[in-house]
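What follows is a short report on a single structure.
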Amino acid sequence: MAVTATLQTAQTKAIGKLPPLVGRRNACAAAGVPQANWYRRNRQSPTPARPVTPRKPRPAALSRAERDRIRAMLNERFADAAPATAYFTLLDEGTYLASESTMYQILREHGEGGPDRRVEPPILPLAWLNPGNFNQAILRSNVVE
């Protein structure tokens with residue numbers, strides 16, 4: 001590790017002193033350093049920023065109104081079904097609104113997608129339905145066996 005640091009220091013000193021005599025290109029060649037590497041390490045200006053180019057809209061992309069219509073249909077008619085079920089049901093009826101993946105994407109944009117869209121009441125243990133057994137169920141669940 002120390003040898004590498006010593007070598008780089010010697011190369012930097014040589015490249016610093018030789019250019020007035022032989023030029024920067026020949027000084028880099030004599031020191032064994034690629035010229036581009038020397039300029040990159042000794043850059044005087046800040047690193048140039050990459051321009052941010054906005055993404056072009058796809059020509060076949062659905063409009064906002066179409067996406068809202070699909071979302072409303074998924075939330076009203078197919079509220080208890082997965083988008084895959086809605087997709088194939090609509091195909092059976094002869095209607096194509098969007099692909100299955102687009103339906104999932106629309107729901108995901110609004111935080112409505114997930115592994116299971118169905119809203120079901122939580123399943124309570126039978127002991128909770130009888131008030132007399134409620135305390136016993138709590139006591140049994142707290143006992144470590």
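In segment 80-108, the qualifying residues are those that are charged (D, E, K, R) and outside any helix (DSSP H, G or I), and the one that is modelled with the highest pLDDT is Glu93. For segment 7-18, the set of residues classified as over 14 Å from Gly32 (Cα atoms) and either under 46 Å from the mean Cα position of the chain (by Cα) or surrounded by 13 or more Cβ atoms within 10 Å (Cβ to Cβ) (or both) is empty.
For segment 48-74, the set of residues classified as β-branched (Val, Ile, Thr) and within 14 Å of Thr102 (Cα to Cα) consists of Ile70 only. Counting the residues of segment 80-101 that are surrounded by fewer than 13 Cβ atoms within 10 Å (Cβ to Cβ) and closer than 15 Å to Glu112 by Cα gives 3.
The single condition from (1) within 30 Å of Ala5 (Cβ to Cβ); (2) modelled with pLDDT under 90 that Pro34 fails is (2).
Look through segment 26-79, keep the residues that are more than 23 Å from the chain's Cα centre (by Cα), among the charged types (D, E, K, R) and part of a loop (DSSP other than H, G, I, E, B), and return whichever of them is surrounded by the fewest Cβ atoms within 10 Å (Cβ to Cβ). Ranking the qualifying residues of segment 26-79, first place goes to Arg43.
The values are calculated or read from the model by the stated rules, or taken from the named source; none is laboratory data. Everything numeric in this text was worked out from a predicted model, so none of it was measured. Using ideal geometry, Cβ is built from the backbone for each residue, glycine included, and neighbour counts are taken over all protein chains shown.
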